[in-house]
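Structure, as structure tokens:
The values are calculated or read from the model by the stated rules, or taken from the named source; none is laboratory data. All values derive from a computational prediction rather than experimental measurement. Backbone-built Cβ (ideal geometry, glycine too); neighbour counts: all protein chains shown.
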Ligand code: B16
Ligand code: MG
């Protein structure tokens with residue numbers, strides 16, 4: 001099959017572990033509204049936009065609100081989340097992620113970010129990852145959330161690379177679906193139980209090298 005010319009990375013859960021900060025901030029909001037929000041509930045929010053996440057949270061709490069009130073609560077949660085990510089540094093880069101990005105650079109493979117987060121730039125800057133990207137597409141550039149392929153198609157366009165030559169790295173099932181809708185192969189970071197639709201699944205980027213990936217994708 002086609003050679004890999006570009007890698008498109010999701011942020012939360014692939015390069016950094018910000019899921020726990022999202023969780024704490026959503027849990028605080030749920031508790032202020034009078035209900036509990038468990039880690040299992042939080043799984044439903046991974047890769048989902050802020051507005052859609054709030055709708056899921058309110059559904060769990062059995063609460064109905066008008067759009068104005070929802071906007072206020074989304075802002076309240078985001079303010080808390082921003083306080084947490086303001087303290088992030090390079091120690092919070094996930095295992096293997098930095099070496100993989102460096103290897104992409106060394107092998108002339110283009111690199112883009114494809115994240116739903118509107119806070120992606122803060123996270124990339126605070127962890128020192130910004131210089132590793134040729135293009136950054138985040139929640140401030142997109143109008144449709146994953147599983148819509150928009151974020152990855154914009155990434156491929158910015159890198160001037162055809163989808164058949166792109167590989168997406170994702171930790172969320174919605175992101176794997178977005179990749180396949182964009183006509184791209186994908187690597188699921190996590191467990192085959194939730195990411196079974198990916199072309200390849202690995203526990204983390206530590207288990208993968210760019211050369212091993214080229215070899216594997218030469219056959220699929
Ligand atoms: P924000 P990703 C996603 O990031 C998170 O997985 C998801 O939990 C979050 O709700 C979404 O970003 C929006 O984030 O509130 O910062 O705009 O996995 O697409 O990098
Ligand atoms: Mg993610």
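Residues checked against (1) crowded, with 21+ Cβ neighbours inside 10 Å; (2) within 11 Å of ligand 1 (Cβ to nearest atom); (3) assigned to a loop (DSSP other than H, G, I, E, B); (4) modelled with pLDDT of 95 or more:
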residue	(1), (2), (3), (4)
112	yes, no, no, yes
116	yes, yes, yes, no
123	yes, yes, no, yes
131	no, no, no, yes
143	no, no, yes, no
148	no, no, yes, yes
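Tally time: how many residues in the range 40-59 are outside any helix (DSSP H, G or I) and surrounded by 15 or more Cβ atoms within 10 Å (Cβ to Cβ)? Break it down stepwise before answering.
So the first thing to find is which residues in the range 40-59 are outside any helix (DSSP H, G or I), and the list is 44-49.
Retained after the next criterion (residues that are surrounded by 15 or more Cβ atoms within 10 Å (Cβ to Cβ)): 45-49.
Residues meeting the conditions: 5.
Condition (residue is closer than 24 Å to residue 141 by Cα, within 16 Å of ligand 2 (Cβ to nearest atom), out of contact with any strand residue (DSSP E or B) (no Cβ under 7 Å at 6 or more places or on another chain) and at pLDDT 95 or above) applied to the range 26-38: is it met by at least one residue?
Going residue by residue through the range 26-38, those that are closer than 24 Å to residue 141 by Cα are 26.
Next, only the ones that are within 16 Å of ligand 2 (Cβ to nearest atom) stay: 26.
In the following step, the residues that additionally are out of contact with any strand residue (DSSP E or B) (no Cβ under 7 Å at 6 or more places or on another chain) were identified as 26.
Filter once more, keeping what is at pLDDT 95 or above: 26.
Yes, the range 26-38 has at least one match.
Would you point out which residue out of 110, 77 is more than 18 Å from residue 133 (Cα to Cα) and within 19 Å of the chain's Cα centre (by Cα)?
77
Before we move on, is residue 82 exposed (fewer than 15 other Cβ atoms within 10 Å of the Cβ), touching a residue at least 24 places away in the same chain (Cβ under 8 Å) and within 9 Å of ligand 1 (Cβ to nearest atom)?
Yes, satisfied.
Please name all residue pairs, on different chains or six or more residues apart, with Cβ atoms under 6 Å, provided the first residue is in the range 1-17 and is touching a residue at least 12 places away in the same chain (Cβ under 8 Å) and more than 15 Å from residue 48 (Cβ to Cβ) and the second residue is away from ligand 1 (no atom under 16 Å from the Cβ) and assigned to a loop (DSSP other than H, G, I, E, B).
Between residues of the range 1-17 that are touching a residue at least 12 places away in the same chain (Cβ under 8 Å) and more than 15 Å from residue 48 (Cβ to Cβ) and residues that are away from ligand 1 (no atom under 16 Å from the Cβ) and assigned to a loop (DSSP other than H, G, I, E, B), the close pairs are 1/220; 5/161; 6/159; 6/161; 7/109.
Would you kindly identify the helices (runs of 4 or more DSSP H) lying entirely within the range 158-220 that contain at least 1 residues that are free of Cβ contacts under 8 Å to residues at least 12 places away in the same chain and surrounded by fewer than 16 Cβ atoms within 10 Å (Cβ to Cβ)?
It comes to 192-195, 210-217.
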